[in-house]
């Protein structure tokens, strides 16, 4: 596992955003990385918050799993990096 | 005035959607340390919460700019909702919450949030290993309060890493732990004269001494700055803790180690 920067968060930090987007609590759900196959709870994924949006990466291979961007009041979600989200 | 009255009636009648923002009122504030304050809130549509969950606060400036932050809930399920906030020097939100906010003031929040970093004694009876770095103690304190509230007798150990004794949050409460609860401090920057406890950052040797043996099927909750959480979680896994028995919540680079 590669070391991460000090201010990287985890999926707990976007619990509210996930409820907003999916309509339900998601941090305990298991997501599978489409690149390396690592499966784990959303709460343990690496989360990078920026004014422009939120990026969620695989903790093992750094692959981008989810991207959230707010465009004119609508949250757009790109989840192509996830093979599966139960 | 009429508009406000209508909005008030609508707010009361609209059913609460999961994740909806609502307006809460500050009930009381309590300074835990010179930079840390606990804020008790009166939340009109609070559905109850679990130990370990958090809520989101939203502040809106006059020009419509929003700032949102997440804060762990410091109170146990069934107790009035309270959050404990640490003032960060370069913070955008924490100076307002710890210095400006007064009883009677209103604040927007949503919650409770979180289904992973929660402790449900009915679901798991393993001994608890709680590891706190600085303000990471907040959700762990909620877990300990809940343990007392339900009369649980699972053995619990809190390893609490802080810079100095003066930085300990909930110090009086932690000085009188419930039966079966041990509180172990490590003071990383300055120790009082005669201190015989740990005096360094958490490392593998300390974790090996403090952690429950793996054979007891313990459950670990690690919370605090990212560096702290990464190190402690790795140490626990190295000791043989199954990764799924080590729950983590990272607060980023902020918060005292």
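Mind checking the angle between helix B:137-149 and chain B's longest principal axis? C-alpha axes, 0 to 90 degrees, to the nearest 10.
Relative to chain B, helix B:137-149 is tipped by roughly 90 degrees.
Checking the a/c ratio against 1.5 first, then a/b against b/c, what shape does the Cα gyration tensor give for the protein assembly as shown?
Oblate, since a/c reaches 1.5 and b/c is not below a/b.
Could you work out how far apart the two model spin labels at residue A:75 and residue B:92 are, taking each label as a point 7 Å from the Cα in the direction of the beta carbon, and quote it in nm?
It works out to 1.7 nm between the two label points.
By how many nm would the segment from residue B:67 to residue B:164 lengthen if fully extended, with 0.36 nm per residue of separation less the alpha-carbon distance?
Values: separation 97, 0.36 × 97 = 34.92 nm, distance 3.08 nm.
Full extension from residue B:67 to residue B:164 adds 31.8 nm.
Would you mind classifying chain B by shape? Square roots of the alpha carbon gyration tensor eigenvalues, ordered a ≥ b ≥ c; an a/c under 1.5 is rounded, otherwise it is prolate if a/b is larger than b/c and oblate if not.
prolate
Only helical DSSP H runs with n ≥ 4 go in: add -39500 (n - 2.57) per run for the protein assembly as shown, normalise by residue count and round the 222 nm mean residue ellipticity to 500 deg cm²/dmol.
So the calculated ellipticity at 222 nm is -5000 deg cm²/dmol.
Convex hull over the alpha-carbon atoms of the stretch B:183-246: what's its volume per residue in Å³?
Cα-based convex hull of the stretch B:183-246, divided per residue, equals 93 Å³.
Given R₀ = 25 Å, FRET efficiency for residue B:105-residue B:79 by Cβ-Cβ distance, to 0.05?
Between residue B:105 and residue B:79 the formula returns 0.75.
Please compute the alpha carbon radius of gyration of chain A, then divide it by the globular-protein estimate 2.2 N^0.38 Å. Two decimals is fine.
1.01
If R0 is 35 Å, what FRET efficiency do you get for residue B:45 and residue B:190 from their C-beta distance, rounded to 0.05?
0.20
How far apart, in nm, are two points set 7 Å out from the Cα along the Cα-to-Cβ line at residue B:172 and at residue B:60?
Distance between label points: 3.8 nm.
All of the numbers you see were taken from the coordinates with simple rules; none came from a lab. Remember, it's a predicted structure, so these values are computed and weren't measured experimentally. No Cβ is skipped: glycine too gets one built from the backbone with ideal geometry, and neighbour counts run over all protein chains shown.
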